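*Asks:* Dumping the structure here so I can ask a few things about it.
The values are calculated or read from the model by the stated rules, or taken from the named source; none is laboratory data. Everything quoted here is computed from the prediction, not taken from an experiment. Quick reminder, even Gly has a Cβ in these numbers, built from the backbone with ideal geometry, and neighbours come from all protein chains shown. Keep in mind that these areas ignore ligands, DNA and RNA; they rest on the heavy atoms of the full protein, side chains included. Shrake-Rupley method; radii C 1.70, N 1.55, O 1.52, S 1.80 Å.
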Amino acid sequence: MKEKSKELEVAIKAALEAGKVLEKYFETEILKTLKKDKSIATLADKESEEVIKKVIFEAFPEHSILGEETGMNGGVSDYVWHVDPVDGTRNFANAIPLFAVSIALVYKEEIIIGVVYNPSTRSFFYASKGEGAYFNDKRIFVSKDDAKNGMLTVSRGKNVNDEILFRDILYFFPKKHVSSVRDLGCAALDLVYVARGGLEANIQLGLNTYDFAAGVFIILEAGGKVTALDGSPWKFPDNHFIASNGVFHDLLVEEVKKQKQKLNI
């Protein structure tokens, strides 16, 4: 990318500053609190989100920010930042280095900026609309591997049907179609690993926009394919979709359809 926009520069700065917070707490005895939806939060989640909000509002006081910990902040705006200060909090709180800061900027329901940063591995992914996707400042593209060599991850929210479908895909999909199916516990990393060619596909089942917005955008800018579960065009903020390198995307769509019919969901 020849020149980064101000919005991208701010997103990168916010993610790096938040990363410093996470580094401070990672692999320490950190207090965990249980939220109403049974997910957990830590002091690091809250501090990270406050840092991100501070950086963004200093640059764009007229924008809005939707954060996992504090909800919607700022006034009404066509520009909304979707912020997950620690995606993969359970991994983070248990000293497992699969977590990330995830920041996306959405303009009138269209994602235009995406940043995902894992400070434990210094892995930085970013993309700007029409400018391609990057990993540590190097241009990245999705892989060309087919289903035989493909690795798939699946991520889900709290809905009962999503949980049922998740378990069915996780345990029965690999027997016929792909080399491996996994749950990394961090949706943002699931998605950006597809973008850089480390994975071939990810199936998202019912997560929040701040979990997936940055990652799915980076996949699209890396040349990947994203559709709704039934293969129809995907549009933000739909939180049920298949994101892949495109090589065996149709197979994934058909098999998810079959699994849903089998489970009657």
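*Asks:* Tell me which residues, restricted to the stretch 172-206, are open to solvent by 10 Å² or more (accessible area, probe 1.4 Å), in a helix (DSSP H, G or I) and farther than 27 Å from ALA95 by Cβ.
*Replies:* PHE172, PRO174, LYS175
*Asks:* Looking at SER128 and the list (1) closer than 15 Å to LEU189 by Cβ; (2) among the polar types (S, T, N, Q); (3) touching a helix residue (DSSP H, G or I) at 6+ places or on another chain (Cβ under 8 Å), which single condition is not satisfied?
*Replies:* Unmet for SER128, out of (1) closer than 15 Å to LEU189 by Cβ; (2) among the polar types (S, T, N, Q); (3) touching a helix residue (DSSP H, G or I) at 6+ places or on another chain (Cβ under 8 Å): (1).
*Asks:* Being assigned to a loop (DSSP other than H, G, I, E, B), farther than 20 Å from LEU184 by Cβ and not polar (S, T, N, Q) narrows it down to one of GLU58, GLU69, so name that one.
*Replies:* Values: GLU58 fails: assigned to a loop (DSSP other than H, G, I, E, B).
Checking each option against the conditions leaves just GLU69.
*Asks:* Can you say whether ASN118 is closer than 19 Å to ALA187 by Cα and free of Cβ contacts under 8 Å to residues at least 40 places away in the same chain, as far as the supplied structure shows?
*Replies:* Values: closer than 19 Å to ALA187 by Cα: yes; free of Cβ contacts under 8 Å to residues at least 40 places away in the same chain: no.
Answer is no for this residue.
*Asks:* Of all residues being within 21 Å of GLY88 (Cβ to Cβ) and assigned to a loop (DSSP other than H, G, I, E, B) in the stretch 225-257, which is least open to solvent (accessible area, probe 1.4 Å)? Just the residue, please.
*Replies:* That would be ASN239.
*Asks:* Something else about it: Since THR33 meets every condition but one in (1) in contact (Cβ under 8 Å) with a residue 12 or more places away in the chain; (2) in contact with a Ser or Thr (Cβ under 9 Å, 6 or more places away or on another chain), which condition does it not meet?
*Replies:* All conditions pass for THR33, except number (1).
*Asks:* With respect to the numbered conditions (1) under 28 Å from TYR25 (Cβ atoms); (2) part of a strand (DSSP E or B); (3) among the aliphatic types (A, V, I, L, M), which one is the sole condition not fulfilled by LEU152?
*Replies:* Of (1) under 28 Å from TYR25 (Cβ atoms); (2) part of a strand (DSSP E or B); (3) among the aliphatic types (A, V, I, L, M), only one is false for LEU152: (1).
*Asks:* How many of the residues making up the stretch 1-28 are in contact (Cβ under 8 Å) with a residue 12 or more places away in the chain, of a type outside the set (Ser, Thr, Tyr) and not in a helix (DSSP H, G or I)?
*Replies:* Matching residues across the stretch 1-28 total 4.
*Asks:* Condition test on VAL194, is it of a type in the set (Val, Ile, Thr), at pLDDT 95 or above and under 20 Å from LEU170 (Cβ atoms)?
*Replies:* So VAL194 passes the test.
*Asks:* For the stretch 77-97: of the residues being in a loop (DSSP other than H, G, I, E, B) and at pLDDT 95 or above, which is least open to solvent (accessible area, probe 1.4 Å)?
*Replies:* Among them, the one singled out is GLY88.
*Asks:* From the list SER64, SER39, SER48, which one is more than 14 Å from the chain's Cα centre (by Cα) and within 22 Å of SER155 (Cα to Cα)?
*Replies:* Exactly one residue qualifies, and that residue is SER39.
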